[in-house]
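> I'd like to ask you about the structure that follows.
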Amino acid sequence: MSDPSLASPPAPPGRLIDLRRRYFRTPVQAAISLACLGLLAWLAWGVLNWAVFSAEFSADASPETCRAGAGACWTVIAQRWRIILFGLYPYDEQWRSALACVVVVAMIVLSCLPSFWSGLRLAAVWVLGTAAFYILMKGGIFGLRQIGEDQWGGLALTLFIFVATCLIGFPLSIVFALMRRSKLPVISHGIGLVIDAVRSLPLLSILFAFAVVVPFMLPDFLQGGRLYRVICGAALFFAAYQAEIIRGGLQGVARGQEEAAMSLGMSYRHRVGKILLPQAMRNALPATINQFVISFKETSLVIVVGFFEILASGNAAYGTGEWTFAYREVYAFIALIYFTFVFSLSRYGAYLERRMAVGTR
Amino acid sequence: MSNLWRNQKVRNLFLQGLFVAAVLLIVIGGWMNAQQTMQSQRMISGFGFLHKSTGWDVNFSLLPASANDPYWWFFVIGIVNTLFLGVLGLMLATFIGGLVGLARTSSNAMLQLLGRTYVDFFRNIPLILQVFFWYAFVTRLPSVRNAIEIGPMTLSSRGVYIPALNVGGWYLFAAALALVAAVVLPLWTRTTRRIDKPREERRGMVLAALFGSLALVLALLWLGRLPETPLIDVPQLQGLNMRGGLRVSPEFSALLIAIGIYGGAYIGEIVRGGFKAVGRGQTEAAHSLGLSPWQTFSRISLPLALRAMLPILANQYIWLIKATTMGIAIGFTDFFMIVAVTINQSGQTIEAIAILMAGFLAINLTIAAIFNRINKAIALKGNQLRS
């Protein structure tokens with residue numbers, strides 16, 4: 001005969017009781033809850049009313065009627081979205097630009113899947129993806145018309161800068177981190193100086209230096225295009241920050257791991273590649289994703305050194321002619337694009353953090 | 001030969017030598033190439049240009065500036081502008097961040113949701129996009145004639161006009177310093193270990209420090225007031241223009257709003273992290289000792305949380321100061337913009353970049369040093385277990 005109190009757990013509190021406990025425990029709490037609810041509802045209504053209910057959606061409304069309305073004027077997006085997304089890319093070839101963006105998104109999604117988490121697979125995805133992107137954008141082979149980098153623009157250029165920055169910066173950051181923990185004093189101190197100097201400078205000044213100063217210092221045959229110089233600057237900045245993250249991850253690996261590997265007679269290459277880095281990357285993963293998120297947001301800074309990335313093309317989309325009043329719509333559109341990328345990446349990072357916490361508990 | 005390569009000492013020496021050689025190659029090669037380029041453009045390298053007058057003007061300056069001033073003075077102006085914007089932006093961001101962080105750690109789920117919405121929204125949009133948005137917003141305010149008036153403030157497309165004090169520049173500066181002292185001195189007298197008196201008996205000294213500094217502020221303002229004018233100058237519409245008051249340029253207000261809001265979202269997260277780091281046992285113990293919620297917060301949670309968040313806060317402050325360089329995108333004359341225009345006008349590229357680096361290094365190191373000092377001063381003494 002079983003004890004009934006053991007057999008059935010206490011019933012969970014009803015939803016109403018739960019609600020009361022969470023929001024209306026005391027009069028003050030109730031007042032705060034109601035005030036916040038009111039504020040949130042007011043905000044939500046304001047945004048919805050502007051963006052949906054009283055907005056103008058038709059693609060060919062004239063600016064005057066659009067302006068007279070109370071809500072958003074999405075006509076400007078309908079008429080100018082090609083400029084915002086593709087910049088000055090030739091009209092007939094813009095499908096290539098769109099396809100290239102899809103390639104980048106696919107690349108990012110693939111590298112978020114745990115089954116792709118090995119150095120080789122990740123490298124393959126990123127190198128192949130970037131190559132596909134480059135061929136699509138630049139053309140010149142497979143019967144695609146050649147289109148120079150100065151005509152790239154909009155979202156495609158933003159994504160290209162981001163991808164190229166990561167592709168150069170990430171391996172560089174591993175090299176930096178390994179050099180910084182090297183036992184050779186000249187190397188570890190020298191690279192430490194470089195990393196600290198880069199980290200203490202604003203990214204803008206580094207981009208500016210690479211765009212303007214480097215041509216002074218390099219012989220002509222080494223200069224390359226301005227776009228690639230700026231990407232190198234961004235990659236250096238990324239590497240300096242990421243190197244510190246990886247170094248933190250390496251410090252989190254127990255000393256015994258390396259000592260055990262040494263006592264087994266493993267070479268430096270194997271010690272680092274098979275023992276240290278996999279564990280360090282695991283420690284550093286949340287911070288690494290955060291760093292990717294930050295550097296994606298910071299690609300927008302290249303507008304200052306004169307590139308036609310998505311923000312600049314957005315400025316151009318509303319800055320000329322009859323749409324000068326429609327800055328809110330254009331910025332909302334661009335902000336939505338950034339938000340989608342950044343928010344999903346950072347949610348993914350938070351999910352990973354939880355998932356890994358389960359493993360180590 | 002292969003034996004030599006197997007010798008670890010030789011190998012280490014060789015690797016380090018290789019590294020040094022590579023660095024030297026880059027530096028010397030770059031230097032020589034730069035010299036060559038400069039010579040072909042008939043420019044003189046070196047810092048002699050600092051004493052030449054610039055020939056261009058700045059649109060925002062706290063210090064007197066004209067096109068006849070030398071370059072070094074313009075660099076000083078740039079640093080002062082950057083620091084001014086940076087410090088105001090940090091104060092605004094800290095204020096917003098404190099509110100957001102408190103909302104996110106409160107026990108009220110609705111308030112948490114509100115804080116979370118704020119953080120998620122503003123943190124995930126690039127700062128420069130927000131700067132552009134606010135700049136467009138501020139410059140599209142109604143014209144001066146139809147300006148919006150909020151109390152003594154006037155918002156117009158030409159800038160925000162706020163009441164100003166008719167006080168000489170240096171007196172105003174000294175009064176501002178005295179105002180800072182009015183905050184810092186009482187705190188210091190309350191907490192320092194230099195004064196050999198228990199904290200409970202220091203009340204008189206704290207009050208004396210507070211009121212003494214405040215009296216000094218008033219005295220300085222009174223002494224420095226300009227003759228024949230009211231002390232407070234309220235902006236007023238006269239004809240087509242605004243008279244009196246202080247005009248805050250659209251560039252400045254856009255940057256300030258953007259940095260305050262964006263930084264507030266990040267600092268809110270830091271504040272939340274700080275409170276999360278306070279062990280549950282601490283607050284539970286406080287409750288069980290019968291401390292009221294306010295006492296628990298002000299005596300237990302806040303002091304511990306503050307210590308947990310200070311180091312991260314220092315990094316965030318440095319980041320935000322560096323973010324003021326985005327002013328160049330909308331035309332605010334900060335340090336970076338002065339450097340960029342200098343390069344454009346004088347061609348002294350490498351020297352100007354070196355000055356830029358030195359300037360930011362100095363600012364960053366100063367912030368780091370201040371925070372280290374605070375950190376050390378308030379670090380918990382002893383070795384009790386605190387979790």
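> Quick one: A:Ile294 ticks every box in (1) of a type in the set (Val, Ile, Thr); (2) within 10 Å of chain B (Cβ to nearest Cβ); (3) closer than 20 Å to B:Thr349 by Cβ except a single one, so which number is it?
Among (1) of a type in the set (Val, Ile, Thr); (2) within 10 Å of chain B (Cβ to nearest Cβ); (3) closer than 20 Å to B:Thr349 by Cβ, the lone unmet condition for A:Ile294 is (3).
> Which residues, counting only those in the stretch A:194-234, are outside any helix (DSSP H, G or I), without any contact (Cβ under 8 Å) to a residue 40 or more places away in the chain and more than 10 Å from chain B (Cβ to nearest Cβ)?
A:Gly224
> Scan the stretch A:92-138 residue by residue and report those that are assigned to a helix (DSSP H, G or I) and hydroxyl-bearing (Ser, Thr, Tyr).
Within the stretch A:92-138, A:Ser97, A:Ser111, A:Ser115, A:Thr130, A:Tyr134 meet the criteria.
> Return yes or no: is B:Pro250 crowded, with 18+ Cβ neighbours inside 10 Å, modelled with pLDDT of 85 or more and touching a strand residue (DSSP E or B) at 6+ places or on another chain (Cβ under 7 Å)?
yes
> Given the residues A:Arg269, A:Arg355, A:Arg247, which is the only one that is assigned to a helix (DSSP H, G or I), under 22 Å from the mean Cα position of the chain (by Cα) and more than 30 Å from B:Ile128 (Cβ to Cβ)?
Details: A:Arg269 fails: under 22 Å from the mean Cα position of the chain (by Cα); A:Arg247 fails: more than 30 Å from B:Ile128 (Cβ to Cβ).
Checking each option against the conditions leaves just A:Arg355.
> Hey, another quick one. Under the condition of being more than 25 Å from A:Ser97 (Cα to Cα) and at the interface with chain B (Cβ under 9 Å from one of its Cβ atoms), which residue from the stretch A:310-329 is surrounded by the most Cβ atoms within 10 Å (Cβ to Cβ)?
By that ranking, first place goes to A:Arg328.
> Considering only the stretch A:57-115, state which residues are over 23 Å from A:Gly139 (Cα atoms) and among the small types (Gly, Ala, Ser).
Listed by number, the residues that qualify are A:Ser58, A:Ala59, A:Ala61, A:Ser62, A:Ala68, A:Gly69, A:Ala70, A:Gly71, A:Ala72, A:Ala78, A:Ser111, A:Ser115.
> Another one. Could you list, in sequence order, all residues of the stretch A:30-85 that are among the β-branched types (Val, Ile, Thr), more than 24 Å from A:Ile337 (Cα to Cα) and away from every other protein chain (no Cβ under 14 Å)? If you could, list the steps in order and put the result at the bottom.
Initially, the stretch A:30-85 is screened for residues among the β-branched types (Val, Ile, Thr), giving A:32, A:47, A:52, A:65, A:75-77, A:83-84.
Now restrict to residues that are more than 24 Å from A:Ile337 (Cα to Cα): A:32, A:65.
Of everything in the stretch A:30-85, just one residue is among the β-branched types (Val, Ile, Thr), more than 24 Å from A:Ile337 (Cα to Cα) and away from every other protein chain (no Cβ under 14 Å), namely A:Thr65.
> Condition first: among the basic types (Lys, Arg) and not in a helix (DSSP H, G or I). Now tell me which residues in the stretch A:315-352 satisfy that.
None - no residue of the stretch A:315-352 is among the basic types (Lys, Arg) and not in a helix (DSSP H, G or I), so the list stays empty.
> Taking into account only those residues within the stretch B:327-355 that are of a type in the set (Gly, Ala, Ser) and not in a helix (DSSP H, G or I), which is nearest to B:Pro250 (Cα to Cα)?
Here is the first cut: in the stretch B:327-355, the ones of a type in the set (Gly, Ala, Ser) are B:327, B:329, B:331, B:340, B:346-347, B:352, B:354.
Add one more test, that the residue is not in a helix (DSSP H, G or I), and what stays is B:331, B:347.
Numbers: B:Gly331: 10, B:Gly347: 30 Å.
Among those that are of a type in the set (Gly, Ala, Ser) and not in a helix (DSSP H, G or I), it is B:Gly331.
> Would you confirm, using the coordinates I've provided, whether B:Gly327 is loosely packed, with under 14 Cβ neighbours inside 10 Å and either at the interface with another protein chain (Cβ under 10 Å from one of its Cβ atoms) or in contact (Cβ under 8 Å) with a residue 12 or more places away in the chain (or both)?
No: the conditions fail for B:Gly327.
> Also, quick follow-up: May I ask you to verify whether B:Leu155 is more than 14 Å from every other protein chain (Cβ to nearest Cβ), aliphatic (A, V, I, L, M) and assigned to a helix (DSSP H, G or I)? First the steps, then the outcome.
Details: more than 14 Å from every other protein chain (Cβ to nearest Cβ): yes; aliphatic (A, V, I, L, M): yes; assigned to a helix (DSSP H, G or I): no.
Judged against the criteria, B:Leu155 is not a match.
> Basic (Lys, Arg) and touching a strand residue (DSSP E or B) at 6+ places or on another chain (Cβ under 7 Å): does that describe B:Lys52?
Criteria met by B:Lys52.
> Let me spell it out: the conditions are (1) closer than 22 Å to B:Ala362 by Cβ; (2) over 37 Å from the mean Cα position of the chain (by Cα), and B:Trp73 meets all of them except one. Which number is the exception?
(2)
> Something else about it: Output yes when any residue across the stretch B:192-209 is away from chain A (no Cβ under 14 Å), surrounded by fewer than 14 Cβ atoms within 10 Å (Cβ to Cβ) and within 26 Å of B:Glu251 (Cβ to Cβ), and no when none is.
no
> Cβ contacts < 6 Å: first residue touching a residue at least 60 places away in the same chain (Cβ under 8 Å), restricted to the stretch B:263-284; second residue among the aromatic types (Phe, Trp, Tyr), any location; separation 6+ or different chain. Result?
Close Cβ pairs (under 6 Å, with a partner that is among the aromatic types (Phe, Trp, Tyr)) amount to B:Ala265/B:Phe122.
The values are calculated or read from the model by the stated rules, or taken from the named source; none is laboratory data. Just so it is clear, the model here is predicted, and its values are computed rather than measured. Counting neighbours? That spans all protein chains shown, and the Cβs are built from the backbone with ideal geometry, glycine included.
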